[in-house]
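Every number in this text was worked out from the coordinates using simple rules, so none of it is lab data. All of these numbers come straight from a predicted model, not from anything done at the bench. Glycine gets a Cβ as well: all are built from the backbone with ideal geometry, and neighbour counts include every protein chain shown.
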Amino acid sequence: APAATPTQSPSSPSTTAGSRITWQGKQWYLNGANLPWYNWGCDFGCGSGSGASSAASKAAIESAFSGAKANGVNVVRWWVFPGDPWQITRDTSGKPTGLNSAIYADFDAAVALAAKYDIYLDFVLFNAPSAVPQSWLTDSNHRSALATTLGPLFSRYANNPRVMTWEVFN
């Protein structure tokens, strides 16, 4: 493999081959931090109450992002639906049917803060396979419905340069 070239990305502790990824046309050394959640199960979906778009949450997350950036962090890994993913609506069989629209204000706030501090986001959808309804793992119709349900979320942020990756499970 060709040797990686030095870049302008923050905190460049290594220039050896394999220590960088190509993304957005540049070579990146990912220096990240984990923000599992600010308000468990509410960062995305609780809106002005205690979601990422609430004044109190935004202030705290802004402080965290500011400190992270000052310490060379360029990627933050953030759990989206930890615990019971109540933001995903379901029919009586547990099959996913939609997303609570309140998540979008919280995602928009998170992405805006990431842009303000030149941070990229790695969103983790669920904290563990044991946290989601088992039918989402075992029933192909439920898995397909889950993919369809999450599609609008992925589409909304597909071209946002601040959203680097989506992980299914922690």
| note | Protection proxy (average C-beta count within 10 Å per residue), highest first, orders 23-34, 112-123 as 112-123, 23-34
| remark: Any residue on another chain or 5+ positions along whose placed amide H is under 5 Å from the amide H of residue 99 is listed here as 89
| message | If packing is taken as the average count of other Cβ atoms within 10 Å, what order do 74-84, 127-137, 44-54 fall into, highest mean first? | response | 44-54, 74-84, 127-137
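Apply the membrane-span-like helix rule to the chain: whole DSSP H runs, Cα extent along the own long axis of at least 27 Å, mean Kyte-Doolittle hydropathy at least 0.0. List the helices found. Present the calculation step by step, with values, prior to reporting the outcome.
Numbers: long enough: none.
Helices passing the filter in the chain: none found.
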| request: State the antiparallel share, in %, of DSSP beta bridges confined to the chain, rounding to the nearest 5. | output: 30
| request: Take the alpha carbon gyration tensor of the range 76-156, find the square roots of its eigenvalues, order them as a ≥ b ≥ c, and report rounded if a/c is under 1.5; if not, report prolate when a/b exceeds b/c, else oblate. | output: prolate
| field | residue 56-residue 134 pseudo-label distance in nm [points 7 Å out on the Cα-to-Cβ vector] | value | 3.7
| message | For the pair residue 97/residue 143, report the inter-label distance in nm, with labels modelled 7 Å from Cα in the Cβ direction. | response | 2.4
